[in-house]
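Presented below is the structure to which this report refers.
The values are calculated or read from the model by the stated rules, or taken from the named source; none is laboratory data. The structure presented is a predicted model; accordingly, all values stated were derived computationally and were not measured. Here the Cβ positions follow ideal geometry from the backbone for every residue, glycine too, while neighbour counts run over all protein chains shown. Note: accessible area is taken over every heavy atom of the protein model, side chains too, but ligands, DNA and RNA are not part of it. Shrake-Rupley method; radii C 1.70, N 1.55, O 1.52, S 1.80 Å.
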Amino acid sequence: MGAPIDRVDRAWTKLDARLCAAVLIADAMTLVAWISLKALSHTGTGGSGRVFRCLAGALVLGGVTHLLTRKRHERHEAITTGAVVIGFLLGSQMGDFGVEYFGNLLAWLQNASFLVFFGGASDIAKRLTLWLALLGASVATGQGKHINVDVVMRFLTPRARVPVAVLGWLVAAVVVLRGRVGLLRSCRRRRLRCEGERPVSGRRGEVVHRLARLEDRQGPEGHRSRHVPLGRQISMDLKTLPKVLAGKPYGKWLTPKEWNEWLHDGGWESHFPAEDIKAMEMEDTPDTFRTPAVTAIPGAGERVYQLLVRECNFVFAFGLLVISIRFVLRSLLAIAGWVKVDPNAAHGDEELAHAHDSSAEAMAVEEAQQESTR
């Protein structure tokens, strides 16, 4: 009974570990990019802009010098240290270099790119951090390394520890599932607006909220139409990115004629009424430009800012479901005798060897652990 569950649990842990690494890299890259653009778009004569330029100058010049001299010069450390100091001083003298360029790039990303659908780069970084926490919690739950108070367990005999631990894990699974239900309700309320509320008499005197939908788009076609603007915005971003990288102000290149052509070439009519697409057209006047961004769903009052945040929030609900399942699997493995219910086991790393290392040594540790639990 325990062997199939153990294989599933170990494969699950491997997947979680790899996802943790991928999300961690994406989160770090997002934070670094956002902080860098934020600092470079501020003045370099003082404050955070100057500090960042000093650190960036020291890092770039010091890193290049290190790579060029580490195998070719005996005084490698001294030369690299000098380069770091020079880079720091050069950064302090950059002034407002790059403020306009990076300010334009940051403004485009935050105000007129597909990131608007998710609330901007900073909100994406926050959500990646939360996803990383959920993945880490899943790994910790599967290995019995989640935070717990083990004072009572240390006073029990090894035989009595198993039912107590299983009871605690099952209760934890129920609590996590209850939290998932609450999160799903929160996601639903984000999609709906409160039309009004009034007390309704009932067996428990509950208050029933009357909720009205923002728009009548609940079928499969309506749900799909919410994502069409995202795809069209990405196509516009591909046109805008080269111009922004070349230093062109993002709001000074798209003419009304080009905007209207882009509208009619995008297949909007297959998802929205023709009159709604027509209403998005612009009058072709000279010296007029259009911001290269979809600002709202055609024919609806719903803006695209944070339009897909609700969909992203469902990932948290799924993560809580995964954690609850890991608690149940851990309980089944403990009942089958495939895991040790030992208060000191949470402080070891032997159980994670298979998740990161597939060598013969790691497999030997894994086999020895399985033998000891039988």
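Here are the numbers for this structure:
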item	result
Trypsin sites (Lys or Arg not before Pro) lying in DSSP loop within segment 8-97, provided at most 13 other Cβ fall within 10 Å	R70, K71, R72, R75
Accessible-area composition of segment 8-113, carbon plus sulfur, in percent [1.4 Å probe]	71 percent
Order of exposure, largest accessible area first, which applies to T285, T80 with probe 1.4 Å	T285, T80
Heavy atoms of E283: accessible area, 1.4 Å probe, square angstrom to 10	140 Å²
Per-pair calculated FRET efficiency, R0 = 41 Å: L321 and D276 via Cβ, rounded to 0.05	0.65
Solvent-accessible surface ranking, highest first, for W169, W268, W12 at 1.4 angstrom	W12, W169, W268
Tail fraction, Cα-Cα pairs, segment 24-76, threshold 17 Å, whole percent	53 percent
Accessible area per residue in Å² at 1.4 Å probe, computed on segment 251-300	54 Å²
Neighbourhood charge, 14 Å Cβ-Cβ cut-off, centred on L170 and excluding it, Lys, Arg +1 and Asp, Glu -1	+3
Note, ³J(HN,Hα) from phi for segment 317-327, Karplus 6.51, -1.76, 1.60, rounded to Hz, x at Gly and Pro	5, 5, x, 5, 4, 4, 4, 5, 5, 5, 4
Charge tally in the Cβ shell below 9 Å around S92, where Lys, Arg are +1 and Asp, Glu are -1, S92 excluded	+2
Which of I325, I297 is most accessible, then next, and so on - probe 1.4 Å	I325, I297
³J(HN,Hα) computed for each position of segment 277-291 - Karplus, 6.51 cos²θ - 1.76 cosθ + 1.60, integer Hz, glycine/proline x	5, 4, 5, 8, 5, 10, 6, 7, 10, x, 6, 10, 10, 10, 4
Centroid-to-centroid separation of segment 282-326 and segment 4-36 [C-alpha atoms, Å]	25 Å
Fraction of accessible area attributable to carbon and sulfur, segment 289-345 (%, probe 1.4 Å)	63 percent
Relative contact order [Cα under 8 Å, 6+ residues apart], segment 10-87, whole percent	23 percent
Per residue accessible area in Å² of segment 49-192, where ligands, DNA and RNA are left out and the probe is 1.4 Å	60 Å²
Potential lengthening between L90 and M29 on full extension [0.36 nm per residue; Cα-Cα distance subtracted]	19.4 nm
Interchain or long-range residues, amide H under 5 Å from A296's placed H	V304
Nearest-10 value in Å² for the accessible area of L59, using the 1.4 Å probe	130 Å²
Residues in segment 139-164 reached by a label modelled at V171 [backbone nitrogen below 14 Å; 7 Å Cα→Cβ]	148-153, 163-164
